[in-house]
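S.K.: Dumping the structure here so I can ask a few things about it.
The values are calculated or read from the model by the stated rules, or taken from the named source; none is laboratory data. Here the structure is a predicted model, which is why all the values come from computation and not from measurement. Methodologically, a virtual Cβ is constructed for each residue, glycine included, from the backbone with ideal geometry; neighbour enumeration extends over all protein chains shown. Just so you know, the surface numbers come from the protein's heavy atoms only, side chains and all, with ligands and any DNA or RNA stripped out. Shrake-Rupley method; radii C 1.70, N 1.55, O 1.52, S 1.80 Å.
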There are 2 protein chains.
Amino acid sequence: VDPTDQRQALDLDAADPLAGFRGRFVVDDPDLVYLNGNSLGRLPVQVAERLRELVTSDWGGGLARSWERWGDLPTQVGDRLGAGVLDVADGQVVVCDTTTLNLYKCLHAASALAGPGPIVSDRNNFPTDRYVLSGVAAQTGRELVSIDSTSVGPSPEEVATACANGVAIASFSLVDFRSGALLDLSGITEVVHAAGGLVVWDLSHAAGVLPIPLDRCAVEFAVGCTYKYLNAGPGAPAFLYARRDLQSAARQPVWGWFSQRAQFAMADPYDPLPDIRRFLTGTPSILGLAAVDEAVGLVAEAGLEALRAKCVALTGYAMQLADAWLADVGVTVVTPADPDRRAAQVSLRHPRASWLRAELQARGVVVDARPPDILRLGLSPLTTSFAELRAGLDRLRAICVPAGG
Amino acid sequence: VDPTDQRQALDLDAADPLAGFRGRFVVDDPDLVYLNGNSLGRLPVQVAERLRELVTSDWGGGLARSWERWGDLPTQVGDRLGAGVLDVADGQVVVCDTTTLNLYKCLHAASALAGPGPIVSDRNNFPTDRYVLSGVAAQTGRELVSIDSTSVGPSPEEVATACANGVAIASFSLVDFRSGALLDLSGITEVVHAAGGLVVWDLSHAAGVLPIPLDRCAVEFAVGCTYKYLNAGPGAPAFLYARRDLQSAARQPVWGWFSQRAQFAMADPYDPLPDIRRFLTGTPSILGLAAVDEAVGLVAEAGLEALRAKCVALTGYAMQLADAWLADVGVTVVTPADPDRRAAQVSLRHPRASWLRAELQARGVVVDARPPDILRLGLSPLTTSFAELRAGLDRLRAICVPAGG
């Protein structure tokens, strides 16, 4: 079968059990090729409806009375996300604040629980993770050890070496944001635990596209955003997972009233709730929580195994097309060929990646570029069709191989 | 003039230059008496429209391309709020995160700038402020000195006494959340400065209802929420003010990517922007920012002087009605009679305040209660009419004076 044949894309779409989900999203412009779900997922129809209802009815009509229903949203939506996206038992996830702040809270909580030793991470980790890690290291007087991994993220062996002289906390992003490589959560967590450390995983580029063995690997803490493959909208609140047995001893440094026992007794002193709610801080975004609630429902309905299968197929097809169309024009695939090392992103390397991104956008193809030379295709299993993906790479080929060339 | 005469309320409404603003808000149920603007302001029509447009067009249609316009919203909306609500020059306000987190950031930044000495606050300060203050005190090794003020908040003299042995930071809420008393920002700031301390003001219950002399008093830091009298919706992002001359030396502890110089260079090490943006952290809520943007525009259009005059009139009328109708049935006014000591809230005391709140709600009057015995009326100058206020207190009278009584 020739992967570049249009019929191949149509056959793949016809056989896709998740193809129907695309109709559950707003797709105004059928000619737009949107391969940027790694940045901002498309708008689910039911999120738009829920937000309209929330604004006009719950806020406009119910006004402050609606707080009776809003007050528990951070844990209700947390449980729904926990069950549908992370496959963990209730009572271990809250949705609130940002990934940056949730990481800050988890790292400080982990540091207070951990023994002596450094914080270990990866020099290729996502920038906000790197910045928060360096801040927490400075604030806790711990050394920050940075693994100089290859561009596809550290292996368990590299992490084991970095932890050989002791480790308090190790923190990584499950998917490398540049290469799209999927790290070995199970293997890395195991070597960190063996070295006596706790792990804090950032699942931002993994949530909603594959099963994540948090429970089986006894991961201590995890955070992630909801606006990428979870499709909850720009700046929607992030999630925070803390393993149940650690919660009552865990302390995070932002002591806000949503974490207080008997919040409306409004009494001193600060006495945080004994459960996952101690990771809450101030008044949460109700619009954001409602959006996450609806968006996560779509992921749960599709199922993580089906989403995973679709991602393997989409990323595999993207790599086949890249090999067939782009290898001769200086575009190389960065993402690992092994499906076990990929999530939902395929990264291409070209010295003029930023220019290619702009040229693609002018032709109705949205991707993003990351310095110095990476073009990222974020393939969203609920919304990206094989035909859409093929059209995007076809237009990329046309830019790289000018007419007559 | 008999204040309880219905004609009095109608005359006051007829003479109110801000009366037309009520029509700019969603008022579905004309019989509902909503006196809870201190908790959650009503829905401005243009906020609902902007959110609908943002969701369907900017997110649904523009998708990640819209980040080109969204990226600067925290400072754009901050400047708009700074000009219209705080009357300060551009470049000193950001809108992001929650009041709790912004207070945490300001207190840590202030602590790093301040000399030795304790943190001074008030035992009656709002709970989340109390909790954050105690956390920051513990984290910075500073003593937290709590003034045992009366229920109407500390006077400059009480603050001066508390600072007599030195002060690093003093932090108060400009309006006491229980009594509705307006503190003397100018006098308190002056005595703190004279004692060598920095001030961090929480303006949550003051923003949008009166001019606040931040500039004239050289206030160092201020924070506040946007969902009360600013009407930006449940859990909308908070604001943070940092005086311009302090910004380049100020450091806050949550080192996120939105505060990084050359954010999309995605490079190490953390190097925060030299201006107000160093107080940003993670990806901000775009829906929340759009709501604040529109809502703040209404406040700016009305003007702080006119809003202040309306609040003085509304709170004065509420107190007249309470004196006439409720004094004999065990309901007393807690809020100071001096207009210079009031903002937009009138608090009533009754031993069964919580029961009264529920009875009122059953009769279509929304207020709130705070332990142990306070009933709060939050009078929103853009939306509360004198007739609405009179109807609410009339129904309260009917509960307190049962038929035939």
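S.K.: Probe of 1.4 angstrom, ligands and nucleic acids ignored: what's the accessible area per residue over the stretch A:358-405, in square angstrom?
M.R.: Counting only protein heavy atoms, the per-residue value for the stretch A:358-405 is 32 Å².
S.K.: For Cα pairs less than 8 Å apart in space and 6+ apart in sequence, what is the mean separation divided by the residue count of the stretch B:59-103, i.e. the relative contact order in percent?
M.R.: Worked out over the stretch B:59-103, it gives 31 percent.
S.K.: Now, a different point. Counting other C-beta atoms within 10 Å, and keeping those with at most 10, which DSSP coil chymotrypsin sites (Phe, Trp or Tyr not before Pro) do you find in the stretch A:302-405?
M.R.: Working: sites: A:Tyr317, A:Trp325, A:Trp355, A:Phe386; in loops: none.
Qualifying residues, ordered by number: none.
S.K.: Which FRET efficiency, nearest 0.05, do A:Trp355 and A:Ala306 yield, Cβ-Cβ r, R0 35 Å?
M.R.: Numbers: r = 37 Å, r/R0 = 1.05.
Result of the calculation: an efficiency of 0.40.
S.K.: Per residue of A:255-261, how many C-beta atoms from partner chains lie within 10 Å of its own C-beta, taken as a mean?
M.R.: 6
S.K.: Additional query: What residues qualify as long-range amide H neighbours of B:Ala181, i.e. H under 5 Å apart, gap of 5 or more or another chain, H built at 1.01 Å from N?
M.R.: Under 5 Å from the amide H of B:Ala181 lie the amide H atoms of B:Asp176, each far enough along the sequence or on another chain.
S.K.: Given a 1.4 Å probe and the protein chains all in place, what does the accessible area of A:Met319 round to, in Å² to the nearest 10?
M.R.: For A:Met319, the solvent-accessible surface is approximately 20 Å².
S.K.: Between A:Asn124 and residues 5 or more places away or on another chain, which pairs have amide H atoms under 5 Å apart, with H built 1.01 Å from N, and which residues are they?
M.R.: When sequence neighbours closer than 5 places are left aside, the close amide H contacts are A:Ser149.
S.K.: Across the stretch B:123-139, in residue order, what do the Karplus-derived ³J(HN,Hα) couplings come to in whole Hz, using 6.51 cos²θ - 1.76 cosθ + 1.60 with θ = phi - 60° and x for Gly and Pro?
M.R.: These are the phi-based 3J(HN,Hα) values: 4, 8, 4, 4, x, 5, 5, 4, 5, 4, 4, 5, x, 5, 4, 4, 6 Hz.
S.K.: Ok, one more. Where the centre of each part is set by its Cα atoms, how far does the stretch A:85-102 sit from the stretch B:7-70, in angstrom?
M.R.: 32
S.K.: Averaging sequence separations of C-alpha pairs under 8 Å and six or more residues apart, then dividing by the length of chain B, give the relative contact order as a whole percent.
M.R.: Relative contact order here is 24 percent.
S.K.: Between the alpha-carbon centers of the stretch A:361-376 and the stretch A:271-299, tell me the distance in whole angstrom.
M.R.: Comparing the Cα centres of the stretch A:361-376 and the stretch A:271-299, I get a distance of 33 Å.
S.K.: Next question. With every protein chain in place, what's the accessible area of B:Leu10 (1.4 Å probe, Å², nearest 10)?
M.R.: B:Leu10 exposes around 90 Å² with every protein chain in place.
S.K.: Do you know which residues of the stretch B:79-118 lose at least 10 square angstrom of accessible area in the protein assembly compared with their chain on its own, with a 1.4 angstrom probe?
M.R.: B:Asp97, B:Thr98, B:Thr100, B:Leu101, B:Tyr104
S.K.: Counting other C-beta atoms within 10 Å, and keeping those with at most 15, which DSSP coil trypsin sites (Lys or Arg not before Pro) do you find in the stretch A:164-241? Working shown, then result.
M.R.: On the way: sites: A:Arg178, A:Arg216, A:Lys228; in loops: A:Arg178, A:Arg216, A:Lys228.
Qualifying residues, ordered by number: A:Arg216.
S.K.: For the stretch B:80-166, run through the GluC sites (Glu not before Pro) and keep only the ones in DSSP coil with at most 16 other Cβ atoms within 10 Å of their Cβ.
M.R.: B:Glu143
S.K.: Is there a quick way to get the dipole size of the protein assembly as shown? I mean about its Cα centre, with the Cβ of Lys and Arg at +1 and of Asp and Glu at -1; what is the value in debye to the nearest 20?
M.R.: The dipole magnitude comes to about 220 debye.
S.K.: Something else about it: Nothing charged except the Cβ atoms of Lys and Arg (+1) and of Asp and Glu (-1): what's the magnitude of the dipole of chain A about its Cα centre? Round to the nearest 20 debye.
M.R.: Values: 35 positive and 46 negative charges, 135 e Å.
Charge dipole, chain A, about its Cα centre: 640 debye, nearest 20.
S.K.: Now for a separate question. Hey, got the average number of other protein chain Cβ atoms within 10 angstrom for residues in A:270-277?
M.R.: Across the residues of A:270-277, the mean count of other-chain Cβ atoms within 10 Å is 1.
S.K.: Here is a further query. Using modelled amide H (1.01 Å from N, peptide plane; none on Pro or chain starts), what sits under 5 Å from the amide H of B:Asn36, excluding residues fewer than 5 places away?
M.R.: Long-range HN contacts for B:Asn36: B:Gly378.
S.K.: Over the stretch B:279-363, what is the relative contact order in percent, taking alpha-carbon pairs closer than 8 angstrom and at least six residues apart?
M.R.: Rounded, it is 22 percent for the stretch B:279-363.
S.K.: Here's something else I'd like to know. If you take every DSSP beta bridge fully contained in chain A, what fraction is antiparallel? Give it as a percent rounded to 5.
M.R.: Among the beta bridges of chain A, antiparallel pairing accounts for roughly 55 percent.
S.K.: Here is a follow-up. Suppose every K and R has +1 on its Cβ and every D and E has -1 on its Cβ; what is the size of the dipole of the stretch B:300-353 about the Cα centre, in Debye to the nearest 20?
M.R.: That gives a dipole near 180 debye.
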